[in-house]
Amino acid sequence: MSTVSARPIPLLDLQAQHRQVREQALAAVTRVIDSQKFILGEEVKKLEEEIASYSSTKFAIGCASGSDALLLALMALDCGPGHEVVTTPFTFFATGGAIARTGATPVFVDIDPNTFNLEPNLLEDALKKHANVRAVLPVHLFGQCADMDPLLALAQSRGIAVIEDAAQSIGAEYKGRRAGSLGDMGCLSFFPSKNLGAYGDGGMVTTNDERLARKLAALRVHGGIRKYYHEWVGINSRLDALQAAVLRVKFQYLDSWTAGRQRNADLYRKMLAELQVPVVAPQAAAFTSRHIYNQFTIRCKQRDALQAYLKQNGIGTEIYYPLPLHLQACFSNLGYRAGDLPLSEQVAAEALSVPIYPELPAEDIEQVCRTIQAFYSQR
């Protein structure tokens, strides 16, 4: 038995979003081209001000990508060889990769299987075992903040900095406080698939610390505050004006797009419950006052077979993430083995993301849910 969709349902339809903003975006890009001012400049400055205000921080520093945002934040703390940075293994590779690029050592702590985020109750043991921790780097995965108060309390009691990986969570809230404003720094990504996505790569670091903001602004231009004079060894990681102009157009729609994702998440939960589909749908944790649903990620048995069945029926999905960082080949020197972080490994074997983009019609969500139901009814 096969339930064939009336039409293909993609995981993400950026064309639908583009149609809404096309004329404004083209006008913004044309304005920058006509100005011939492409590197940093007024467009980037205005976007930084807008994102800082939106994130409830004093400063925001644009850079070339979300990956560079993480790297720059670590560099601002002088992370390097001999230092350790505690993070989650269930995240995109950039989180662990940025730590390793500084020469510091990633220390992986298991997750809460309900939120998919770093488990605060396990952090204290990790801090006791590792004497050289320079920073804690929690990830606000899929649009929901990690449980920050206990993480912050543990880190601050030991004089350890906290960097938020908020690449997937712009505008998310923890107990009424915005992602990116909770720790010493927050790192945002404007990759095209994010809730606020550029027409290419882009990133930003938020902070309330003027000293860190000054250093970050220098590090993104080779470590110089004045041209040709270098206080630090930095990198070339500038958010260009074309991307900033596009992002400023899209920023006007961000909250309405987030509301669309939230409506779709509510419908998914309602439909999956009514159909009694044997999957675990994401629920907002008690501390979450605003979940922005960059992804809607279910946990399910027979995940790979379900994904294949959905593909057969024209429904796009993605597995975020099939192999936790502690088991990646490039981190084999750290000594982790299968079974060391069992909750991350279990979720990696069960997680499946289904379409959630704001323009997704309700009938498509119903079709996705009924196709999931059809798969399990055959088992």
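Quick notes on this one:
- Single residue of LEU122, LEU77 found to be surrounded by fewer than 24 Cβ atoms within 10 Å (Cβ to Cβ) and without any contact (Cβ under 8 Å) to a residue 40 or more places away in the chain: LEU122
- Counted residues, the stretch 324-356 - those being under 30 Å from THR258 (Cβ atoms) and surrounded by fewer than 17 Cβ atoms within 10 Å (Cβ to Cβ): 2
- Of everything listed in (1) among the β-branched types (Val, Ile, Thr); (2) within 15 Å of LEU325 (Cα to Cα); (3) buried (at least 24 other Cβ atoms within 10 Å of the Cβ), the single unmet condition for THR105 is (3).
- One residue alone among THR105, THR87, THR115 is modelled with pLDDT of 95 or more and either under 19 Å from SER189 (Cβ atoms) or of a type outside the set (S, T, N, Q) (or both), and that residue is THR87.
- Qualifying residue in the stretch 97-114 (condition: part of a helix (DSSP H, G or I), assigned by TED's automatic domain parsing to the domain that holds LEU212, acidic (Asp, Glu) and touching a residue at least 40 places away in the same chain (Cβ under 8 Å)): no
The values are calculated or read from the model by the stated rules, or taken from the named source; none is laboratory data. Because the structure is a prediction, the values reported are computed rather than measured. Cβ coordinates were reconstructed from backbone atoms using ideal geometry, including for glycine residues, and neighbour counts include every protein chain displayed.
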